[in-house]
Amino acid sequence: MQDRLWEIVELNPRADEQLHYETLFTIGNGYLGTRGSFEEGLPGDSPATLVHGIYDHAPGMLVPELVNVPNWLPVSIFIDGAPFKMVTKTTDIMRPPEGIVLGYRRALNMRRGILTREVLFRAPSGSVVRLEFERFASLSDIHILAQRIRITAVDGNPHIRVESAIDGDVTNMGVRHFLPEVNVDDRGDTIGVEVKTQQSRYIVGVGSRLISPHRIQTGSTGNRPYTVTSFDLAQEDWVVLDKFSSIYTSRDALQPLDTAQAKISEAVAAGYETLRERHEGEWATYWETADIQIDGDDEAQRALRFTTYHVLIAAPRTDERVSIGAKTLSGMGYKGHVFWDTELFCVPPLILAQPKLARNLLMYRYHNLPGARNKARANGYEGAMFPWESTDTGEETTPQWSDPQPDGSRIRIWTGEREQHISTDITYAIDKYWRWTGDDEFLIKYGAEMILDTAVFWGSRVEHKDGRYELSQQIGPDEYHENIDNSVFVNRMVVWHLRTALSVLAWLMGSAPADAERLIGALNLTPERLAKWNDIIAKMYIPFDHEQGIHVQFPGFFDMEYIPVPHYEPRTTSVQAILGHARSIQTQVIKQADVVMLMALLGENVGAPDGLDVRQVMLNNWNTYYPRTDHGSSLSPAMHAWVGARLGLTEVAYDMFDHAVHIDLNDNKGNVRDGIHAAACGGVWQAVIFGFCGLSIDEAGDLQVDPHLPEHWRSVTFNVYYRGEQRTFTVKNPALVSSATR
Ligand code: IFM
């Protein structure tokens, strides 16, 4: 196994890149995520551990956010009395008199789910020590967090003092989410902190134990309990220290801190090596189906593993009441809120690679149906209308106003009210899950209700005008153009949604008649309502320009100023930022894949009016919209890669893929410090499998591939689950060769 292609490595630490690396080096296990901050801290760093589902609406904040829980990482090392510190704010490496970093390597091994750091450090006293740090968030037991530190005296006989702590004074960038009463726990060998969130009243317990071959002593300073151990090291001698931590919350235990402390005793009894072995074993199982092997492009291979790793560590393993936020659990961007990013970008790879995880995410929406029904009612509609931004309650949590702009003004945010396609996006994911897994039980018990009740919403939402159906005041994927009438994406997807709802109902009537009756009664699916759905399908207005042979993003779109986006290349910022918000919304500059997104989701089913060839229409659409697209959102390039590949535009598809797969690694958006772009990560997986490899289910229900691989890719090998069976494909370039080996 070539670990080179499984590692993200940092060799030259720079102070100004540390927030970026903190995000990239996040470890996690679907329960929590911990940013890759240094154990000893760093001025200006942003350590954070985010636990799925722990949201809080702090006083003065516009909306709730995912809470940064007490920090389990801190370990400070003193060599001959002086602290080991990595970098300062102003210099790349430490300089005398504070010490010198002589050598450094930090690596995230994605195959093993382990973050390591090796530092050769000369202390001010002249002693040279090698410090090897290792940490993981156990995948086999999501409440176990493990750290190992090996200290070797390379030169001199240093006196070493190690202080391991839990920091209970954490905030979300200054916003405090915990009540002032913090329970600081010291049990002689184990320390702990228990806190309660201010508004939501979640309790979070964090415990920790340091295992040292030397005497330990515990104590606390304020809300920071610590354990200290000290010893002398003879030259070439070394010591290994293990730190076991555990986190529970009132979402998963009655007594979170006590439960965490008990878990630590379990972890200590098992021992570090055993825990690591179990953890690595779970990762091996994950990768067995999730890994895509690209022959002929090492960099794409490594980057694709990176994006897949981040989807996997964000996906809840056991909890079906939480979901993946737009920035995963790796940063505080978008406040941990859940968007369509989850269903259209992250769920599809999981459906094929880890169907159980996909199911968990869909169940999150099921449990939140009451919130969706409240939203529909509050807006004067029937059925269920899912929130654009969702948290733990399932209520709409999109803020109505932006944070202050540089001039102090705030921008009105309309997405919470008008970006209504989220309900259809969720239906799309449910339908996809059902088709690929054959999980009829899920559909019967949960999925159908969501598909049908969101269809009820659309049935009550459409407007009947002049013999056709329309949808006014919408926001499509292109969020630069707000409150528009008849977005072709929305209108066409609503038709798809209602058709899907009717066929699901027909299937239920045949396969689970009692459940069909139950839903018909509960959701009031009267014959009149169903007839209306059919009428909408037949008469929905789908904006189309017959002369150009293109779908029109929305009527009036082409009346606005045309700005050729490619003329702004090369650029490091969005065209919107260059033109300014006020001007760009009056132009044809598109934020992200919109008509192109429609083509990604529906493929040739996007349709074309009679007499027109749908492939030609799709190409026309591409040629029209691609040069107008800003890719101002990280969601965009992967969708272009997918569609470009299907259209045989392999070169541009590869450029888009390359951009998308490096969005975080290269900080292409300049905001990785706020967290990983979850949708881009899930999007590139789809670009490879559905785009370049062309995997689909054919009319007979068999899997087929139709590859358009980038020129230099020799082959792609991947595994998918299809109806409970694991299938392996190798797609070769240029020959279309595939085989199911198991
Ligand atoms: O959901 C997206 C949206 O489509 C574009 N802006 C960012 C959101 C969260 O990723």
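The values are calculated or read from the model by the stated rules, or taken from the named source; none is laboratory data. All of these numbers come straight from a predicted model, not from anything done at the bench. All Cβ positions, glycine included, derive from the backbone under ideal geometry; neighbour counts span all protein chains shown. Each accessible area value is taken on the protein alone, full model and side chains, heavy atoms only, with ligands, DNA and RNA left out. Shrake-Rupley method; radii C 1.70, N 1.55, O 1.52, S 1.80 Å.
Here is the list for the range 223-280: GluC sites (Glu not before Pro) lying in DSSP coil, each with at most 10 other C-beta atoms within 10 angstrom of its C-beta, are E236. Length gained on full extension, D407 to R377: 7.1 nm, using 0.36 nm per residue less the C-alpha separation. Taking the C-alpha atoms only, the angle from helix 298-314 to the longest principal axis of the chain is near 90 degrees. Straight-line reach from K375: which aspartates and glutamates have a Cα under 17 Å away, not including same-chain ones fewer than 8 places off? Straight-line reach from K375, under 17 Å: E389, D392, E395, E396, E417, E419, D425, E449, D453.
Among 678-689, 658-669, the peptide with the highest mean count of other Cβ atoms within 10 Å heads the list, and the full ranking is 678-689, 658-669.
The label-point distance for D252 and I578, in a model that sets each label 7 Å from Cα toward Cβ, rounds to 4.7 nm.
Here the spin labels are modelled as points 7 Å beyond Cα on the Cα-Cβ line, and at E441 and R187 they lie 3.7 nm apart.
Relative to the Cα centre, what is the charge dipole magnitude of the range 309-388, using +1 at the beta carbon of each Lys and Arg, -1 at the beta carbon of each Asp and Glu, and rounding to the nearest 20 debye? Don't jump to the answer; show the numbers that get you there.
Values: 10 positive and 5 negative charges, 31 e Å.
Computed about the Cα centre, the dipole is about 140 debye.
Ignoring any ligand, DNA or RNA, what whole percent of the accessible area of the range 158-238 comes from carbon and sulfur when the probe is 1.4 angstrom? Kindly include the intermediate steps, with their values, before the conclusion.
Details: 1620 of 3690 Å².
With neighbouring chains kept in place, the figure for the range 158-238 is 44 percent.
Per-peptide packing, taken as the mean over residues of other Cβ atoms within 10 Å, places 713-725, 516-528, 628-640 in the sequence 628-640, 713-725, 516-528 from highest down. Report note on the peptides 700-711, 402-413, 331-342: ranked by the mean count of other C-beta atoms within 10 Å, highest first, their order is 331-342, 700-711, 402-413.
Roll a 1.4 angstrom probe over the protein heavy atoms and tell me the percent of accessible area of the range 1-145 that is carbon or sulfur.
On the way: 2410 of 4650 Å².
The computed percentage sits at 52.
Taking the C-alpha atoms only, the angle from helix 272-290 to the longest principal axis of the chain is near 20 degrees.
Taking 0.36 nm per residue of separation and subtracting the Cα-Cα distance, what length does fully extending R150 through T274 add? Don't skip to the answer; put the middle values down first.
Details: separation 124, 0.36 × 124 = 44.64 nm, distance 1.74 nm.
Length gained, R150 through T274: 42.9 nm.
Please compute the Kirkwood hydrodynamic radius over the range 237-340, one decimal place, Å, based on all pairs of different Cα atoms. It works out to 17.0 Å.
What is the list of residues in the range 117-145 whose amide nitrogen lies under 18 Å from a point 7 angstrom out from the Cα of K356, following Cα to Cβ? Residues 138-144 fall inside that zone.
Under a Cβ-only charge scheme (Lys and Arg +1, Asp and Glu -1), can you give me the dipole magnitude of the range 253-398 about the Cα centre, in debye to the nearest 20?
With only Lys, Arg, Asp and Glu charged at Cβ, the dipole is about 580 debye.
A Cβ-based charge dipole, computed about the Cα centre of the chain with Lys and Arg at +1 and Asp and Glu at -1, lands at about 740 debye. In the neighborhood of I191, defined by Cβ-to-Cβ distances under 15 Å, what is the net charge if each Lys or Arg adds +1 and each Asp or Glu adds -1? Around I191, the charge tally is -4.
Identify the trypsin sites (Lys or Arg not before Pro) of the range 169-219 meeting these criteria: DSSP loop state and at most 11 other C-beta atoms within 10 Å of the C-beta. Please report the intermediate quantities before stating the final value.
Numbers: sites: R176, R187, K196, R201, R209, R215; in loops: R176, R187, R201, R215.
Counting only loop positions with at most 11 other Cβ atoms within 10 Å, the trypsin sites (Lys or Arg not before Pro) in the range 169-219 are R201, R215.
With a probe of 1.4 Å, find how much accessible area the range 9-88 has per residue, and write the answer as a whole number in Å². Could you put the intermediate results ahead of the total?
Details: 2050 Å² over 80 residues.
Computed with neighbouring chains in place, this is 26 Å² per residue.
If the cut-off is 22 Å between C-alpha atoms, which lysines fall inside it for K243, apart from same-chain ones fewer than 8 positions away? Answer for K243, where 22 Å is the Cα cut-off: K85, K263, listed by chain and number. What the Cα convex hull of the chain gives, in volume per residue, is 167 Å³.
Can you give the helix-only mean residue ellipticity at 222 nm for the chain, where every DSSP H stretch with n ≥ 4 adds -39500 (n - 2.57) and the sum goes over all residues, rounded to the nearest 500 deg cm²/dmol?
Working: 20 runs with 230 residues, N = 742.
Computed mean residue ellipticity for the chain: -9500 deg cm²/dmol.
Residue separation times 0.36 nm, minus the C-alpha to C-alpha distance between Y562 and L612: what's the value?
Details: separation 50, 0.36 × 50 = 18.00 nm, distance 2.63 nm.
Computed gain between Y562 and L612 is 15.4 nm.
Ligands, DNA and RNA are left out, and with a 1.4 angstrom probe the accessible area of the range 393-458 is 34 Å² per residue.
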